[in-house]
Amino acid sequence: MLAIDQLKTINRVPHDTINYIYVAFDGTFSTIKAFAETQSDLHKQILAMQAQKAGIFWLGRLSKKAWSEIIVGLRAGNRLQDLIVIETVRGRR
């Protein structure tokens, strides 16, 4: 018998909505078009905007810690593209 056959359940990491913010950017990553606590809420917003020909979006998921640091950076006058690159390089937290 294979080891995998002995597994009765697979322990998956539950989807934790508390730790992430879902974000939609414009095509150049220079503007946050929408954000939401859940992916489905973001998709609803995007569909409504696309119905009004709002343009193409890049969708992403950020940890709430990364999101806070991006907002602080924006308020300090930094460019959104730079902040996104920095948080992407830092990786998931």
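What follows draws every value from the coordinates through simple rules; no lab data is involved. These numbers were taken from a predicted model, which means no experiment stands behind them. With ideal geometry, Cβ positions are generated from the backbone for all residues, glycine too; neighbour counts draw on all protein chains shown.
Place a +1 charge on the Cβ of each Lys and Arg in region 19-90 and a -1 charge on the Cβ of each Asp and Glu, then give the dipole magnitude about the Cα centre in debye, rounded to the nearest 20.
Working: 9 positive and 6 negative charges, 6 e Å.
That gives a dipole near 20 debye.
Working from label points 7 Å from Cα in the Cα-to-Cβ sense, the Gln39 to Asp82 distance is 3.2 nm.
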